[in-house]
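Novice: Input: one structure, supplied below.
The values are calculated or read from the model by the stated rules, or taken from the named source; none is laboratory data. Everything quoted here is computed from the prediction, not taken from an experiment. Note: ideal-geometry Cβ built from the backbone for every residue, glycine included; neighbour counts use all protein chains shown. Note: accessible area is taken over every heavy atom of the protein model, side chains too, but ligands, DNA and RNA are not part of it. Shrake-Rupley method; radii C 1.70, N 1.55, O 1.52, S 1.80 Å.
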Amino acid sequence: MGTTAREEMARFWEKNTKSNRPLSPHVTIYKWSLPMAMSITHRGTGVALSLGVSLFGLAALLLPEQFPHYLATVKSLSLGPALIYSAKFALAFPFTYHTWNGVRHLV
């Protein structure tokens with residue numbers, strides 16, 4: 001005669017309790033590797049690109065002025081070169097990394 005799901009679960013938890021196993025592995029037990037870090041970064045850059053494109057599209061729809069007006073406003077702030085290059089890097093890195101990592105994965 002077969003067992004019910006409740007009986008199977010009771011047997012499973014009884015076995016785990018007797019063997020003193022943890023409920024689930026914790027992140028700290030894993031040894032970090034380069035592929036693991038690259039995968040996490042790929043997912044993060046994908047989320048950043050998705051949010052960035054969505055926000056840019058929403059701004060293009062809702063803001064009253066055209067893009068050159070906002071570009072002129074940023075230029076008039078006279079931000080230093082360090083901040084400008086940091087902002088450019090923050091915009092270019094997710095796109096570049098995500099693209100080349102995707103190509104690497106396909107190859």
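Novice: Scan 46, 57 and give me the residue that is in contact (Cβ under 8 Å) with a residue 12 or more places away in the chain, assigned to a helix (DSSP H, G or I) and not polar (S, T, N, Q).
Specialist: 46
Novice: Here is a further query. How many residues, within region 7-43, are at negative phi and either touching a residue at least 12 places away in the same chain (Cβ under 8 Å) or not in a helix (DSSP H, G or I) (or both)?
Specialist: Qualifying residue count, region 7-43: 13.
Novice: I would also like to ask the following. Take the residues of region 26-48 that are surrounded by 10 or more Cβ atoms within 10 Å (Cβ to Cβ) and aliphatic (A, V, I, L, M): which is modelled with the lowest pLDDT?
Specialist: Ranking the candidates gives 36 first.
Novice: Suppose we filter 55, 61 for residues that are open to solvent by 70 Å² or more (accessible area, probe 1.4 Å) and closer than 30 Å to residue 105 by Cα; which single one remains? Walk me through how you get there before you give the answer.
Specialist: Numbers: 61 fails: closer than 30 Å to residue 105 by Cα.
Answer to the check: 55.
Novice: Can I ask one more? Within region 49-62, can one find any residue that is more than 29 Å from residue 100 (Cα to Cα), aliphatic (A, V, I, L, M) and modelled with pLDDT under 90?
Specialist: Checking region 49-62: not a single residue is more than 29 Å from residue 100 (Cα to Cα), aliphatic (A, V, I, L, M) and modelled with pLDDT under 90.
Novice: Take the conditions open to solvent by less than 100 Å² (accessible area, probe 1.4 Å), under 30 Å from residue 105 (Cα atoms) and modelled with pLDDT of 90 or more and apply them to residue 82. Does it pass? Spell out the reasoning first.
Specialist: Working: open to solvent by less than 100 Å² (accessible area, probe 1.4 Å): yes; under 30 Å from residue 105 (Cα atoms): no; modelled with pLDDT of 90 or more: yes.
Here the answer is no, as residue 82 does not meet what is asked.
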